[in-house]
Amino acid sequence: MANITIKRVGELLRSVFEILWNKPDGLTAKEVFALLPKTIPLTEDELKYSSTTNLPRYERIVRLATIPLAHAGWLIKTEKGRWYITEEGYQACRRFINIEDLYKEAVRLYEERRQAVPESIMVLELAQEAAWNQIEKHLHQLHHTKLQSMLAELLRAMDYYPSWIAPPEKERGHIDLIAFVDPIGAKGQRIIGQVKHRGQAVTLEGIRSFSAILGPNDFGLILSTGGFTNDAMQELASGSFQKMTALDTSAFFDLWIKYYDQLNQESRQLLPLKIIHFLSRDP
């Protein structure tokens, strides 16, 4: 980060922390960088695009500057490109009132165990974000019936037995698929699946409505590509709906990856993936 002072780096990091401060669930890196020019005046030079990374210079500066913060455990940057401040990060901010001192301490901790070149970390970070954005877009563009099929194939890979999938001509209702826990349904236990696609976040009322149709031997599984409202997530986390699992796009994809090897080739084509290897030198 030649030609930029520690003071300026601190100013940019302060703005990043201001953007994330009251966001316990964080924001995507894309959202952070969209908000940054509205939070702090950027110079003409900072707004210029880098010829090597094809990123605005301010984005490159911030990505590199946040690497020590992430290694210090003060800022989490997930593989899907979501950033949020950790509890240790909040405490560090309170301990180091001056943002420059915060950054210097993070760099000191980072240098103690650094083995990787920051540029390589940034390349991996950008690749992970781009990959997830592409995957998420693909999932959102799938037809409702394709997503139903993906959920059924995932359950099959998890050793459950889908017995019914709602036909394309069926008007959308509460039930999109049914699966048993044994091959012939002799145990009587069923998984009732509902797919909410391309809509608004599922509300607490939506969760209650779905829960109301479950029988005593039924387990509810709801997949929502629009996510869930905060109150719905809070109730689900509290254990109020013990016979139900809720999946957003991210959680569904994590399960898809976990059971990818158990999927057949036809099922994999619903979301074809390819592994790319990066040099790993993480401390």
Under 5 Å between amide H atoms, partner at least 5 residues away or on a different chain: which partners does F228 have, H built in plane at 1.01 Å?
V202
Which one, (1) 1.20; (2) 1.04; (3) 0.96, gives Cα Rg over 2.2 N^0.38 Å as derived from the coordinates shown?
(1)
Rounded to the nearest 500, what is the chain's calculated 222 nm mean residue ellipticity when only DSSP H runs of at least 4 contribute -39500 (n - 2.57) each, over all residues?
-15000 deg cm²/dmol
Most exposed to least, judged by fewest other Cβ atoms within 10 Å, E266, E18 sort to E266, E18
Report, ordered by chain and residue number, the lysines lying within cross-link reach of K77, taken as a straight Cα distance under 29 Å and ignoring same-chain residues fewer than 8 apart.
K7, K23, K30, K38, K48, K104, K137, K196, K258, K274
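Using the Kirkwood formula over every pair of different C-alpha atoms, what hydrodynamic radius in Å results for the range 164-277?
On the way: mean 1/r = 0.0641 Å⁻¹.
Mean inverse Cα-Cα distance, inverted, gives 15.6 Å.
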By the DSSP-based rule, helices of the chain that are at least 27 Å long along the axis (C-alpha) and have a mean Kyte score of at least -0.5 are 118-141
Could you work out the longest stretch of the chain that avoids the trypsin sites (Lys or Arg not before Pro) located in DSSP loops with at most 14 other Cβ atoms within 10 Å?
49-169
Within the chain, what is the longest stretch that has no chymotrypsin sites (Phe, Trp or Tyr not before Pro) placed in a DSSP loop and near at most 14 other beta-carbon atoms within 10 Å?
22-277
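Any read-out appearing in this document is the output of simple, stated calculations on the displayed coordinates, not a laboratory observation. Computed from a predicted model, the values in this text were never measured in an experiment. With ideal geometry, Cβ positions are generated from the backbone for all residues, glycine too; neighbour counts draw on all protein chains shown.
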